[in-house]
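To keep things clear, I will list the structure first and then write my remarks on it.
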Amino acid sequence: MHRAGDYPYERELTLHKAITMAGGFTDKAATSRAKVIRKIEGKERAISLDLEGVILPEDIIVVPRSFF
């Protein structure tokens, strides 16, 4: 993402819209390995969402860098 940081949460915010708010994927982003860190039953877990998946207010979006 071009502008990592905190962004205001909106109801029904999708992963795609959240990434767009952050400036979109960079040319070096490993888009297929993007994941969401979500608290589930008090523990942080990495989950996969498709781009139209809804994120929650405390979710952390992680897009690793591609090395190729």
Computed label-point distance, nm, for sites Phe67 and Thr14 using a 7 Å Cα→Cβ extension: 3.3 nm
Linear extension gain, Ser48 paired with Phe25, 0.36 nm per residue minus alpha-carbon span: 6.6 nm
Listed values (1) 21, 50, 25, 4; (2) 21, 56, 22, 2; (3) 18, 29, 21, 16, 8, 4, 2, 1, entry calculated as P(r) over Cα pairs in 10 Å bins from 0, in percent: (2)
For Thr14, Thr26, order by how many other beta-carbon atoms lie within 10 Å, fewest first: Thr26, Thr14
Theoretical gain in end-to-end length, Ile37 to His2 [0.36 nm per residue, Cα-Cα removed]: 10.7 nm
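Over the chain, what is the mean sequence separation of C-alpha contacts under 8 Å (at least six apart), divided by residue count, expressed as relative contact order in percent? Could the numbers behind the result be given before it?
Values: 96 pairs, mean separation 25.8, N = 68.
After rounding, I find 38 percent.
Taken together, the values in this text are just the output of simple stated rules run on the coordinates, not laboratory data. Keep in mind it's a predicted model, so treat the numbers as computed, not measured. Cβ: placed from backbone, ideal geometry, glycine included. Neighbour counts: every protein chain shown.
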